[in-house]
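One structure below.
The values are calculated or read from the model by the stated rules, or taken from the named source; none is laboratory data. These numbers were taken from a predicted model, which means no experiment stands behind them. Don't worry about glycine lacking a Cβ; one is built from the backbone with ideal geometry, like all the others, and counts go over all protein chains shown.
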Amino acid sequence: MARSAQSASTLVWLRLDLRLDDHPALAAALAGGGPVVPVYIWSPEEEAPWAPAAASRWWLHHALRDLDAQLRACGSRLILRAGPSPEALLALAREAKAYRVVWTERTEPASRERDAEVAAALRAAGLQTEAFPGALLFDHAKILNQYGKPFQVFTAFWRHCLALPPPVVKKIPASKFAGRAPARWPQSVSLESLGLLPKKRWDVGFYSAWEPTHAGAKKNLRRFGQAALARYASERDIPAVNGTSRLSPYLHFGQISPRQAWAAGARSPKFLAELGWREFAHYLLRHFPQLPTRPLREEFLRFPWQRDAKLLRAWQRGRTGYPFVDAGMRQLWQTGWMHNRARMVAASFLVKHLRQPWTDGAAWFWDTLVDADLANNAMGWQWVAGCGADVAPYFRVFNPTLQGERFDPAGEYIRKYVPELANLPPPYIHAPWRAPQAALATAGVKLGENYPRPIVDHNSARSRALQDYQKMRTSL
């Protein structure tokens with residue numbers, strides 16, 4: 001299948017890099033001779049058990065449609081195929097008369113295995129292949145501690161990264177696409193045939209919460225860089241205000257690069273550190289591929305979790321009786337996203353108050369988050385559960401009532417997502433079970449009817465969690 005680079009095509013195999021700018025693999029394809037054929041292959045079975053779930057598929061549908069529109073504006077287009085990836089790429093290479101295939105490296109264990117298999121199959125057929133960095137800020141394969149081992153503490157990891165040359169955005173002018181279309185485009189399956197959108201319309205709230213396009217990414221990037229960045233350190237923990245970047249789904253799907261986010265947030269060391277946590281999550285997944293399912297701290301394999309389907313369901317539906325937790329869980333269900341402060345409190349509540357396995361929480365987030373990222377999800381849940389790298393101490397148990405009073409003092413976040421409590425004044429909106437009956441009646445709140453009583457008592461739940469932790473420790 002070998003052909004001249006001047007006449008043959010290059011396939012750009014796109015995955016979580018759905019953009020046209022600051023894209024090393026695409027830039028390399030455009031720098032060579034011959035036509036460039038961008039392709040996306042839908043092959044969820046190759047990523048099992050961590051194939052894109054419901055909310056992610058919603059975002060992916062719109063991101064693919066938008067990318068095709070961007071490419072067409074440049075005189076190109078996006079070819080869609082269904083997997084398996086080796087067969088799909090080989091067939092497309094024959095149709096497009098391609099001599100090489102390029103792509104962006106990924107971190108996920110299943111993806112890395114699949115990429116190695118794809119590369120071997122393509123090379124066996126005479127095709128050139130090359131994988132490029134682009135999804136992360138730094139080359140993680142070269143980042144090791146003084147003993148030649150992977151870092152497991154964020155501060156040391158990030159200090160090492162900050163000593164490296166800073167990331168640089170490399171633009172790709174639209175003019176680079178001129179004359180790079182093949183004489184005849186290969187066939188593409190329809191986007192609708194991939195079945196990414198839900199059949200039942202549970203996604204209605206997503207459309208008002210998000211613009212899952214390149215334009216939406218640029219809008220958020222511009223808003224954050226111009227307005228929110230100066231207040232980021234002070235407002236990032238307040239869920240009622242738009243104080244975070246809201247860039248996570250765009251970063252996950254590669255609609256913007258981490259280098260573009262770095263450039264936009266360079267004036268805020270705090271924001272750059274948050275990008276650093278994203279790097280650290282992918283670094284850990286690269287070096288510890290068991291991260292999504294197995295605790296890094298082996299002693300937690302003996303932790304006495306108390307699986308209870310009813311408690312898990314109450315938490316999933318935002319019916320725990322703790323308004324700040326419930327607001328977060330309902331924001332997640334309605335918009336496919338949850339503010340980071342609420343994520344920490346809601347996750348802590350599940351594993352420490354309800355003593356449910358952190359893997360059950362991670363599975364729910366995986367299904368419901370539009371920014372569901374395997375590395376971030378696994379590291380975050382292990383951090384909260386106290387069983388991962390650089391973890392929060394297990395004895396740090398968030399008090400959900402105090403967290404609400406501190407970070408949502410007027411109850412604006414709760415009023416938005418738990419409307420049955422909207423007429424309760426502070427401080428009762430954070431602890432309606434403490435409100436006088438007259439205040440509840442005036443607000444139209446009927447505990448146990450239109451809003452649940454707390455499903456656990458905070459003090460008792462905290463004591464039980466610490467007792468379980470001590471039992472685990474003494475069983476060593």
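Residue under question is D326, and the condition is that it be closer than 23 Å to E235 by Cα, outside any helix (DSSP H, G or I) and among the acidic types (D, E); does it hold? Judged against the criteria, D326 is not a match. Of all residues in the stretch 421-476, those that are charged (D, E, K, R), modelled with pLDDT of 95 or more and over 15 Å from F349 (Cα atoms) total 4.
Between L196, L229, the distinction of being outside the structural domain of Y413 (by TED's automatic domain parsing), surrounded by 18 or more Cβ atoms within 10 Å (Cβ to Cβ) and assigned to a helix (DSSP H, G or I) belongs to L229 only. Scan the stretch 152-166 and give yes if some residue there is within 24 Å of A263 (Cα to Cα), in a loop (DSSP other than H, G, I, E, B), without any contact (Cβ under 8 Å) to a residue 24 or more places away in the chain and among the aliphatic types (A, V, I, L, M), otherwise no. Among the residues of the stretch 152-166, at least one is within 24 Å of A263 (Cα to Cα), in a loop (DSSP other than H, G, I, E, B), without any contact (Cβ under 8 Å) to a residue 24 or more places away in the chain and among the aliphatic types (A, V, I, L, M), which makes the answer yes. You will find that of W305, W381, the residue that is in a helix (DSSP H, G or I) and under 30 Å from P150 (Cα atoms) is W381 and no other. Quick one: in the stretch 345-378, of everything that is assigned to a helix (DSSP H, G or I) and more than 19 Å from the chain's Cα centre (by Cα), which residue is surrounded by the most Cβ atoms within 10 Å (Cβ to Cβ)? Applying the filter and picking the extreme gives F349. Out of the residues in the stretch 16-41 that are assigned to a helix (DSSP H, G or I) and touching a Phe, Trp or Tyr at 6+ places or on another chain (Cβ under 8 Å), state the one that is surrounded by the fewest Cβ atoms within 10 Å (Cβ to Cβ). Among those that are assigned to a helix (DSSP H, G or I) and touching a Phe, Trp or Tyr at 6+ places or on another chain (Cβ under 8 Å), it is A28. Scanning the stretch 255-297 for residues that are within 24 Å of L18 (Cα to Cα), in a loop (DSSP other than H, G, I, E, B) and touching a residue at least 12 places away in the same chain (Cβ under 8 Å) turns up Q255, I256, S257, G265.
Here's the yes/no breakdown for (1) surrounded by fewer than 22 Cβ atoms within 10 Å (Cβ to Cβ); (2) of a type in the set (G, A, S); (3) in a loop (DSSP other than H, G, I, E, B):
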site: A63; (1), (2), (3): no, yes, no
site: D68; (1), (2), (3): yes, no, no
site: G75; (1), (2), (3): yes, yes, yes
site: L92; (1), (2), (3): no, no, no
site: F138; (1), (2), (3): yes, no, yes
site: N145; (1), (2), (3): yes, no, yes
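In the stretch 5-52, the residue that is modelled with the lowest pLDDT out of those that are more than 18 Å from V118 (Cβ to Cβ) and among the small types (G, A, S) is A5. Residues that are in contact (Cβ under 8 Å) with a residue 40 or more places away in the chain and under 18 Å from R236 (Cβ atoms) within the stretch 393-409 comprise F398, Q403, G404, F407, D408, listed in sequence order. Here A96 passes the criteria (1) of a type outside the set (F, W, Y); (2) closer than 20 Å to S188 by Cα; (3) crowded, with 20+ Cβ neighbours inside 10 Å; (4) touching a Phe, Trp or Tyr at 6+ places or on another chain (Cβ under 8 Å) except the one numbered (4). All conditions in (1) buried (at least 20 other Cβ atoms within 10 Å of the Cβ); (2) among the hydrophobic types (A, V, I, L, M, F, W, C); (3) out of contact with any strand residue (DSSP E or B) (no Cβ under 7 Å at 6 or more places or on another chain); (4) at pLDDT 95 or above hold for V384, with the sole exception of (4).
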